[in-house]
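Working notes, structure below.
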Amino acid sequence: MDKTNSPHIGQEPLGLIDQVVNDLTDNLKSYRNIKIGVRLISDKSGVSERTIYRLLAKENKPTYQTLLKLYRAIYNTNNDTLLLSLVPKVIKNEINKCNPNRASEGIQFHENIETQMLYDRTFAEIYILAACSPITNELIQYRYGMSGMLTLEKMLDMKALRQTKAGLYTLGENQTNFSAKTLKRLGMSLIEKYSKPQDAEDYGNNIIGFYAEGLSDEAYNRWLEVDAKAFEEKIKIANESKSKGTKRSFTFMVTDTLNEK
């Protein structure tokens, strides 16, 4: 168990940014020099070197996805459930506060499920469908044919899905937290296949919106705050018991600059 979970007697617990800097700095001590260490942590975690340097300089606040990536590398595990039992309390609280996936007894969060979703569109769609409400063999075969049935077998083997007594399939004991890269690919894939522009002719069916403008830094940050609050509100609504139903729905939100990568 990581000793940083509990501060020493008489020592104030570190804030989020200070804790991240402290843990990164401790990890970098095992390398010959900082540049080598940052490069290797970046390669292992998938977090850019630029972001790691900015974190060390306390120039920005990491998202929960960045925290998951960094601490997977620090603790050398792809099991996010195990990871949350190891990380310092302030890190665990931040991840749980922002992550729409809620920890539950018997659920293990594994990065290998996300890897499959990133490169296998059928795997990703079946996973999302099952996350909304239970699915059947007939639905999978109708939409994806025999390749879908083979994917179903793979998902059962990976425990990404489980079969209920009623012969339906729901998410299994092994699930995943999505990185921003996976969220982008999922969102674009689902929009291309399921977004229905014709339904936008009347209110109450869907929402399709786009707007571009030159903004000040302050205004851009306000846009981000509005989106973040809206997303959190959607999650709260979805988690209410009275909200549960069979109308499979998705929301995908992106606010970004028109600067190239």
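The values are calculated or read from the model by the stated rules, or taken from the named source; none is laboratory data. All values derive from a computational prediction rather than experimental measurement. Glycine gets a Cβ as well: all are built from the backbone with ideal geometry, and neighbour counts include every protein chain shown. Please note that ligands, DNA and RNA were not included when accessible areas were found on the heavy atoms of the full protein model with its side chains. Shrake-Rupley method; radii C 1.70, N 1.55, O 1.52, S 1.80 Å.
Observations on the model:
- Top-ranked residue of region 85-102 - restricted to ones that are assigned to a helix (DSSP H, G or I) and open to solvent by less than 30 Å² (accessible area, probe 1.4 Å), ranked as nearest to THR25 (Cα to Cα): ILE91
- Residues in region 198-208 that are in a helix (DSSP H, G or I) and open to solvent by 70 Å² or more (accessible area, probe 1.4 Å): GLN198, GLU201.
- Enumeration of residues in region 136-183 that are in a helix (DSSP H, G or I) and closer than 23 Å to ASN96 by Cβ: ALA180, LYS181, THR182, LEU183
- Whichever residue in region 164-180 is surrounded by fewer than 17 Cβ atoms within 10 Å (Cβ to Cβ) and touching a helix residue (DSSP H, G or I) at 6+ places or on another chain (Cβ under 7 Å) and, among such residues, is nearest to VAL254 (Cα to Cα): ALA180
- In the set (1) part of a loop (DSSP other than H, G, I, E, B); (2) within 24 Å of THR66 (Cα to Cα); (3) open to solvent by 90 Å² or more (accessible area, probe 1.4 Å), the condition left unmet by TYR211 is number (2).
- Failed condition for CYS132, given (1) open to solvent by 30 Å² or more (accessible area, probe 1.4 Å); (2) in contact (Cβ under 8 Å) with a residue 60 or more places away in the chain; (3) in contact with a Phe, Trp or Tyr (Cβ under 6 Å, 6 or more places away or on another chain): (3)
- For region 232-261, taking the residues that are touching a residue at least 60 places away in the same chain (Cβ under 8 Å) and either assigned to a helix (DSSP H, G or I) or of a type in the set (Lys, Arg) (or both), the one that is surrounded by the fewest Cβ atoms within 10 Å (Cβ to Cβ) is identified as ASN239.
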